[in-house]
Amino acid sequence: AQSVAQPEDQVNVAEGNPLTVKCTYSVSGNPYLFWYVQYPNRGLQFLLKYITGDNLVKGSYGFEAEFNKSQTSFHLKKPSALVSDSALYFCAVRDVMVENFVFGPGTRLSVLP
Amino acid sequence: EAGVTQFPSHSVIEKGQTVTLRCDPISGHDNLYWYRRVMGKEIKFLLHFVKESKQDESGMPNNRFLAERTGGTYSTLKVQPAELEDSGVYFCASSQARLANTDTQYFGPGTRLTVL
């Protein structure tokens, strides 16, 4: 069975500092990994995805994520956090056999000015 | 291009009543998904339409939930009768490609359902 873990409920970072939101996954086959962000009173917005190829994936708003197969991780990163990055972040996984997402529980990111 | 829209944004009903949620996917998207997030927990898959057909409804919690997608356009999710544990945020998503494993799903803003 597929599963996704986001070990931190909350991440606090100062504006201008680098940020990392962690995600680990478990699938039976090759993983397809996604990050979504939910701003207050908004739906989930797509940030980036890893399907195949380069392990470092670049996405929207300056975010990137690194796929690490040996550690089964797909951590979301940004070199310099903005206050406007404060939101709820969800990691999600699919594999070749299943079309629907399995989501992690979400991590709330707070960027402090 | 309009995104995925959902109606209503909020619904407050009493236990035992009926509620119908609506989702309009992005035009041209054959795949339509329903998910829900209950009590701040994980977002859970409910079901998947390809055009008007139910491709996968393995996540539907019980027979109080009925989803339809008339003509392969918009979809409705009816809860009848509603129970307290049905409270949560119901998300709809759509994607274009038939081989949907790698395709990006675009989500609507969600409907927050509160059952009292």
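With respect to (1) β-branched (V, I, T); (2) surrounded by 19 or more Cβ atoms within 10 Å (Cβ to Cβ); (3) more than 24 Å from A:G106 (Cβ to Cβ), the lone exception for B:I43 is condition (3).
Residues that are in contact with a Pro (Cβ under 9 Å, 6 or more places away or on another chain) and open to solvent by 40 Å² or more (accessible area, probe 1.4 Å) were ranked within the stretch B:64-79; the one that is farthest from the other protein chains (Cβ to nearest Cβ) is B:T73.
B:P61: away from chain A (no Cβ under 12 Å), within 19 Å of A:F101 (Cβ to Cβ) and open to solvent by 30 Å² or more (accessible area, probe 1.4 Å), yes or no? Yes.
Table: residues versus (1) farther than 30 Å from A:E8 by Cβ; (2) among the small types (G, A, S); (3) under 14 Å from the mean Cα position of the chain (by Cα).
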site: B:T20; (1), (2), (3): yes, no, yes
site: B:L47; (1), (2), (3): yes, no, yes
site: B:E68; (1), (2), (3): yes, no, yes
site: B:Q96; (1), (2), (3): yes, no, no
site: B:G108; (1), (2), (3): no, yes, yes
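Remark: pairs (first residue in the stretch A:80-95, closer than 17 Å to B:R37 by Cβ; second residue among the basic types (K, R) and outside any strand (DSSP E or B); Cβ separation under 9 Å; 6+ apart in sequence or on different chains) = A:A87/A:R42; A:C91/A:K22. The residue list A:G29, A:G53 contains one member that is in a loop (DSSP other than H, G, I, E, B) and in contact with a strand residue (DSSP E or B) (Cβ under 7 Å, 6 or more places away or on another chain), which is A:G29.
Could you say whether any residue in the stretch B:96-108 is part of a strand (DSSP E or B), under 21 Å from B:T5 (Cβ atoms) and within 13 Å of another protein chain (Cβ to nearest Cβ)? Give the derivation first.
Here is the first cut: in the stretch B:96-108, the ones part of a strand (DSSP E or B) are B:106-107.
Of the ones still in play, those that are also under 21 Å from B:T5 (Cβ atoms) are B:106-107.
Subsequent filtering for residues that are within 13 Å of another protein chain (Cβ to nearest Cβ) retains B:106-107.
Yes, the conditions are met somewhere in the stretch B:96-108.
The single condition among (1) in a strand (DSSP E or B); (2) open to solvent by less than 10 Å² (accessible area, probe 1.4 Å); (3) of a type outside the set (S, T, Y); (4) more than 14 Å from every other protein chain (Cβ to nearest Cβ) that B:A82 does not satisfy is (1). Residues of the stretch A:81-113 that are open to solvent by 10 Å² or more (accessible area, probe 1.4 Å), away from every other protein chain (no Cβ under 14 Å) and within 16 Å of the chain's Cα centre (by Cα): A:S86, A:S110.
Just one of the listed residues (B:P25, B:P109) is of a type outside the set (D, E, K, R), open to solvent by less than 30 Å² (accessible area, probe 1.4 Å) and within 23 Å of A:Y36 (Cα to Cα), namely B:P25. Of all residues in the stretch B:4-31, those that are within 22 Å of A:L44 (Cα to Cα) have Cβ atoms under 8 Å from Cβ atoms of residues that are part of a loop (DSSP other than H, G, I, E, B) and among the polar types (S, T, N, Q), 6 or more apart or on another chain, in B:D24/B:T73; B:P25/B:T73; B:I26/B:Q96; B:G28/B:Q96; B:H29/B:Q96; B:D30/B:Q96; B:N31/B:Q96; B:N31/B:Q105. Go through the residues of the stretch B:49-57 one by one and say whether even a single one is assigned to a strand (DSSP E or B), under 11 Å from the mean Cα position of the chain (by Cα) and within 12 Å of chain A (Cβ to nearest Cβ). Yes, the stretch B:49-57 contains at least one residue that is assigned to a strand (DSSP E or B), under 11 Å from the mean Cα position of the chain (by Cα) and within 12 Å of chain A (Cβ to nearest Cβ).
The values are calculated or read from the model by the stated rules, or taken from the named source; none is laboratory data. This structure is a prediction, so every number in the text was calculated from the model and none was measured. Virtual Cβ from ideal backbone geometry, glycine too; neighbours counted across all protein chains shown. For accessibility, only protein heavy atoms count, side chains too; no ligands or nucleic acids. Shrake-Rupley method; radii C 1.70, N 1.55, O 1.52, S 1.80 Å.
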